[in-house]
Amino acid sequence: MAIISKGFSGRRTAGDEKLPPGQYITPDFPVLSAGPTPHVPLDQWEFTIDDGASVLRRWDWKSFLDLPTETFTVDIHCVTRWSKFGTAWEGVSLDTLFADVKTDASYALVHSYGGYTTNLPLEDLLNKQAWIAFKYENEDLAPEHGGPARLLVPHLYLWKSAKWVHGITLMNQDKPGFWERLGYHNYGDPWREQRYWGD
Ligand SMILES: Nc1nc2c(c(=O)[nH]1)N[C@H]1C(S)=C(S)[C@@H](COP(=O)(O)O)O[C@H]1N2
Ligand SMILES: [Mo]
């Protein structure tokens, strides 16, 4: 009933300040994929950073795992309104991956095995804000959640956190990704409820 849900959503409880507007907390970990789960053999997996013309950096699975890793615990927020608090991951910081990359580019297009893409300003990937995660809750990241490795950018809606991540293309001009072309907000800040075009 509308009256009950209105009263409920109006009630403030401890921890609410961690919940962006219009979201609810779920203990579950829903799977949201726009297509089938791609299966990439680890001996064929690679992650690249390119500038649209040439590959600037490339890792295979073995060299990727040789990089220093971080464990981090973050809250995640899906545009379909569920939020999950305190998810624990292990991965490589994008600061590590970009350490030797010299670029004037301002934008990034992240691409995944299977063809998914998502765009964001390059600066949102840097400064301890984004990781490529390969473990979730101490286990190898499950294929349906993006294993072997996915991007995590927890300060933006979760569609920016590309599963089965394959590479990042640096660009001087912004270019919308898969959901951004289909009406999702270009930036996707959950605290400003930037869900769709025009929000
Ligand atoms: N490659 C790829 N990454 C993706 C998606 C997708 O369909 N394909 N869906 C996005 C969306 S809309 C969300 S909410 C999250 C869901 O992650 P989860 O399935 O692990 O909950 O992944 C994002 N990353
Ligand atoms: Mo989503």
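The values are calculated or read from the model by the stated rules, or taken from the named source; none is laboratory data. Note that the structure is a prediction, hence the values are computed from the model and not measured. Cβ: placed from backbone, ideal geometry, glycine included. Neighbour counts: every protein chain shown. The accessibility values were calculated without ligands, DNA or RNA, using every heavy atom of the protein model including side chains. Shrake-Rupley method; radii C 1.70, N 1.55, O 1.52, S 1.80 Å.
For n ≥ 4 DSSP H runs only, could you compute -39500 (n - 2.57) per run for the chain, divide by its residues and tell me the 222 nm figure to the nearest 500? The partial results should precede the final answer.
Working: 4 runs with 22 residues, N = 199.
That comes out to -2500 deg cm²/dmol.
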_Give me the 1.4 Å probe accessible area per residue for the chain, excluding ligands and nucleic acids, in Å²._
53
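Highest mean first, what order results for 190-196, 147-153 on Cβ atoms within 10 Å? Before the final figure, lay out each step's value.
Numbers: 190-196: 16.0, 147-153: 23.4.
In descending order of packing, they fall as 147-153, 190-196.
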*Could you rank the peptides 68-75, 163-170, 29-36 by their average count of other C-beta atoms within 10 Å per residue, with the highest value first?*
163-170, 68-75, 29-36
*Quick one: work out the % antiparallel among DSSP beta bridges in the stretch 43-174, nearest 5.*
90
*Figure the gain on full extension for Asn186 and Glu46 (residue separation times 0.36 nm, minus the Cα-Cα span) and round it to one decimal in nm.*
47.7 nm
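Nearest 20 debye, what's the magnitude of the dipole of the chain about its Cα centre given +1 on Lys and Arg Cβ and -1 on Asp and Glu Cβ? If you can, show how the numbers build up before the last one.
Working: 19 positive and 26 negative charges, 144 e Å.
The calculated dipole for the chain is roughly 700 debye.
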_Lysine pair number, Cα distance threshold 23 Å (strictly under), the chain, separation 8 or more or different chains_ = 19
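Would you mind getting the Kirkwood hydrodynamic radius of the chain from its Cα pairs, rounded to one decimal in Å? Let's see the in-between values first.
Details: mean 1/r = 0.0569 Å⁻¹.
When all Cα pairs of the chain are included, the Kirkwood radius is 17.6 Å.
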_Among Thr169, Ile25, His77, which residue has its Cα furthest toward the positive end of the charge dipole of the chain, with +1 on Lys/Arg Cβ and -1 on Asp/Glu Cβ?_
Ile25
*Using a 1.4 angstrom probe on heavy atoms only, work out the carbon and sulfur share of the accessible area of the chain in %.*
53
